[in-house]
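Engineer: My questions will all concern the structure given below.
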Amino acid sequence: MTLYFEDEGDLKLDLPCEELARTVIEAVLDYEKCPYEAEVSLLLTMNPEIQEMNAQFREIDKATDVLSFPMIDYEKAGQFGFLEEADDCFHPETGELMLGDIVISKEKVLTQAEEYGHTITREYAFLIAHSMLHLLGYDHIDEPERLEMESKQADILNQLNIIR
């Protein structure tokens, strides 16, 4: 698995951010039984920068905790069979499945951890797991989808022993 990791801004989370991200991403891929090696980009940034991206891409002019930019349009979330015919989803040099980009606000990690009463590690890991599920085609627009995503996120974090 290739992780392109970037951490911008003066605020630094007191975590092994890249290592933890890699662990969570691999756990999600294993949980979803992804049959391919994968490539993901992760940017840790600040509220003003994520607000600008949120306004540009979602037309919501406020800071958010995480943005997901999937590279693949899944026919059915978490189903990889159709990719056998989709050469454009794989990196031409590495052969890895290009899943997409994740952007996380470090300020939101800190404030939400406090707000929800859990550790910074748990909040950071949760946001990565949540975003990875988006990169694999899951969403939470309606109630059944939301419940499915919440269940998967909880299972993944429990398997990693990252609990509230």
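The numbers here are math on the coordinates, done by the rules we state, and not lab data. All figures in this text were calculated on a predicted structure; none of them were measured in a lab. Don't worry about glycine lacking a Cβ; one is built from the backbone with ideal geometry, like all the others, and counts go over all protein chains shown.
Engineer: Any idea what angle helix 47-58 forms with the longest principal axis of the chain, computed on alpha-carbon atoms, 0 to 90 degrees, nearest 10?
Structural biologist: 40 degrees
Engineer: What do you get for the angle between helix 106-116 and the principal long axis of the chain? Use alpha-carbon atoms, 0 to 90 degrees, nearest ten.
Structural biologist: Its long axis makes an angle of about 70 degrees.
Engineer: Using a 10 angstrom cutoff on alpha carbons, build the Gaussian network for the chain and name the most mobile of LEU13, LEU44, LEU147.
Structural biologist: Among LEU13, LEU44, LEU147, the largest mean-square fluctuation in the Gaussian network model of the chain belongs to LEU147.
Engineer: Tell me which chymotrypsin sites (Phe, Trp or Tyr not before Pro) from region 1-92 have a DSSP coil assignment and no more than 16 other beta carbons within 10 Å of their own. Don't jump to the answer; show the numbers that get you there.
Structural biologist: On the way: sites: TYR4, PHE5, TYR31, TYR36, PHE57, TYR74, PHE80, PHE82, PHE90; in loops: TYR36, TYR74, PHE80.
When the chymotrypsin sites (Phe, Trp or Tyr not before Pro) of region 1-92 are filtered for loop state and at most 16 Cβ neighbours within 10 Å, TYR36, TYR74 remain.
Engineer: Please state, as a whole number in µm²/s, the translational diffusion coefficient that the Stokes-Einstein equation yields for the chain at 20 °C and 1.002 mPa s, with Rh defined as the Kirkwood radius across alpha carbon pairs. Display every interim value, and only then the final one.
Structural biologist: Working: Rh = 16.2 Å.
Once the numbers are plugged in, D ends up at 132 µm²/s.
Engineer: Here is a further query. Quick one: helix 143-159 against the long Cα principal axis of the chain, what's the angle to the nearest 10°, folded into 0 to 90?
Structural biologist: 80 degrees
Engineer: Could you work out which residue, out of GLU59, GLU37, GLU26, moves most in a Gaussian network model of the chain, that is, has the largest mean-square fluctuation with Cα springs under 10 Å?
Structural biologist: GLU59
Engineer: Let me ask something else about it. At a threshold of 8 angstrom on Cα-Cα distance, excluding pairs fewer than six apart, so keeping six or more, what relative contact order does region 84-164 reach in percent? Before the final figure, lay out the partial values.
Structural biologist: Working: 54 pairs, mean separation 19.7, N = 81.
Contact order relative to length: 24 percent.
Engineer: Pairs of alpha-carbon atoms within less than 8 angstrom and 6+ residues apart define the contacts here; what relative contact order does the chain have, in percent? Present the calculation step by step, with values, prior to reporting the outcome.
Structural biologist: Numbers: 248 pairs, mean separation 44.1, N = 164.
Contact order relative to length: 27 percent.
Engineer: Need the full-extension length gain, PHE5 to HIS118, defined as separation in residues times 0.36 nm minus the C-alpha distance. One decimal, nm.
Structural biologist: Details: separation 113, 0.36 × 113 = 40.68 nm, distance 2.44 nm.
Full extension of this stretch gives 38.2 nm more.
Engineer: ARG146 to ASP87: FRET efficiency via 1/(1 + (r/R0)^6), r the Cβ-Cβ distance, R0 35 Å, to the nearest 0.05?
Structural biologist: On the way: r = 33 Å, r/R0 = 0.95.
Efficiency at R0 = 35 Å is approximately 0.55.
Engineer: Sticking with this structure for a sec: Place +1 on the Cβ of every Lys and Arg and -1 on the Cβ of every Asp and Glu in the chain, take the dipole about the Cα centre, and give the residue among PRO70, THR119, MET98 whose Cα lies farthest towards its positive end.
Structural biologist: So the residue furthest toward the plus end is THR119.
Engineer: Give a residue-ordered list of calculated ³J(HN,Hα) values for region 77-91 (Karplus: 6.51 cos²θ - 1.76 cosθ + 1.60, θ = phi - 60°; whole Hz; x for Gly, Pro).
Structural biologist: Coupling constants for region 77-91: 3, x, 9, 9, x, 5, 6, 4, 9, 10, 4, 6, 8, 10, 5 Hz.
Engineer: Over the chain, how many pairs of lysines fall under 23 Å by alpha carbon, counting only those 8 or more apart in sequence or from different chains?
Structural biologist: 9
Engineer: May I pose another question? To the nearest 20 debye, what is the magnitude of the charge dipole of the chain about its Cα centre, counting +1 on the Cβ of each Lys and Arg and -1 on the Cβ of each Asp and Glu?
Structural biologist: Values: 12 positive and 37 negative charges, 126 e Å.
Dipole of the chain, to the nearest 20 debye: 600 debye.
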